[in-house]
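Every number here is computed from the coordinates shown, using simple stated rules; none is lab data. What you see is a predicted model, and the numbers here were worked out from it, not measured in a lab. When we count neighbours, we look across all protein chains shown, and the Cβ atoms used for this are built from the backbone with ideal geometry, even at glycine.
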Amino acid sequence: MIGEYSILEVGVFAALVVAALLLDLHAHKADKPISMRDAALWSVFWIALSLAFALYVGFAHGRDQGMLFLTGYFLEKSLSVDNLFVFIAVFASFSIRPEFQHRVLYFGIIGAVIMRLLFVVLGTSFIALFGKLALTIFGLFVLWTAWKMWQAGRQDDEEIEDYSNHWSVRLTRRIFPVSPQMRGHDFFVRRDGVWAVTPLFLCLVTIEIADVMFAFDSVPAIFAIFAGLREPLPLGTQTFLVYTSNIFAILGLRSLYFLLAAANRFLSRLEAAVIIILVFIGAKMLTGVLGTLHMPPEAGLIVVFGVLAGGVIASYLFPKKAKNAVDGGDSSGR
């Protein structure tokens, strides 16, 4: 048992994730660019799968838990937007062609599934050991993340960061021999009798490190949605809901990436919406620790989803030039 969830339910979740990943790998085994149509269809598939799981959680374990799962899912999706823009810059830095980007993201997602489990377990242990102090630290960290994003948004510099000399790349070069040239979609090549990594592998390492850094922000934020409940859930139940909502959001990131890479200029106001959500989540956690506010799960979901929708609508009504647009980096396959 993990909280209120049985080993069978955990096994079904794991089998569902593995089956979905294998289906995705089979559907995209050919090296070719991902079209907007394909990215949109797969996005619908991942969202439908996530909503189906949310319905099961709500039916089997109560409406409140279903709402909490959905809140965590939409929160992770909204926080992922900035990370996807980083992926655009990483691919541009390594000059990765569109037909190989899905392969990098696919293996990056597998690594993220493993790393998020580690982060969630560490977060749960931290809360179990330090209780309200841990929740207070998480709440303050979420507010600091919002402040950091707001400060970054005020900068006028639109230069795309070069990730080809990232510290993770320099470290990898010290550990492995590096081939200077790509060879198809291979991560490793044999050169002069010695195995060497390709620039595609260096790109994968950078993507993975970017996701680990991103997890420092997103995991505490998702834990924060459980603060301030009138009837606190067992820690094991929170762990299961945090991890599953996180993973279902991550599974759809590849399709979302290809949509954003082609249409990021239409989401220019979404970052402001994410900042508002983070402030709300951080404040909710701190007031929950103090016991001054008890908010039902559906209220949190309404706020997160409503602010996200407002950010998308504002992007359409009041567009501005996206600072992260990459010239010539359209990965839509058009």
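Normalised by the residues of the range 7-317, what does the relative contact order come to in percent, with Cα pairs under 8 Å and at least six apart? It would help to have the intermediate numbers written out before the result.
Working: 366 pairs, mean separation 98.8, N = 311.
Worked out over the range 7-317, it gives 32 percent.
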Tabulate in residue order the Karplus-calculated ³J(HN,Hα) for the range 211-218, using 6.51 cos²θ - 1.76 cosθ + 1.60 with θ = phi - 60°, rounded to whole Hz; enter x for Gly and Pro.
5, 4, 5, 5, 5, 4, 8, 6
Please work out how many pairs of lysine residues in the range 7-317 are eight or more positions apart (or on different chains) and have Cα atoms closer than 20 angstrom.
4
Report the gain in length on full extension from L25 to L41: 0.36 nm times residue separation, minus Cα-Cα distance, nm rounded to one decimal.
4.2 nm
Residues meeting the amide H criterion for R191 (H placed from the backbone, H to H distance under 5 Å, 5 or more places apart or on another chain) are A196
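Just the number: Rg to Rh for the range 7-317, Cα atoms, Kirkwood Rh, two decimals. Please list the in-between numbers first.
Values: Rg = 19.9 Å, Rh = 20.4 Å.
With Rg and the Kirkwood Rh in hand, the quotient comes to 0.97.
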Quick one: order K77, K132, K29 by neighbouring beta-carbon count within 10 Å, fewest to most.
K29, K132, K77
Whole percent per 10 Å bin, from 0 to the bin with the longest distance: what is P(r) over all C-alpha pairs of the range 45-128?
14, 32, 36, 14, 3
Per principal axis, largest first, the Cα atoms of the range 1-149 extend in Å by 48, 38, 22
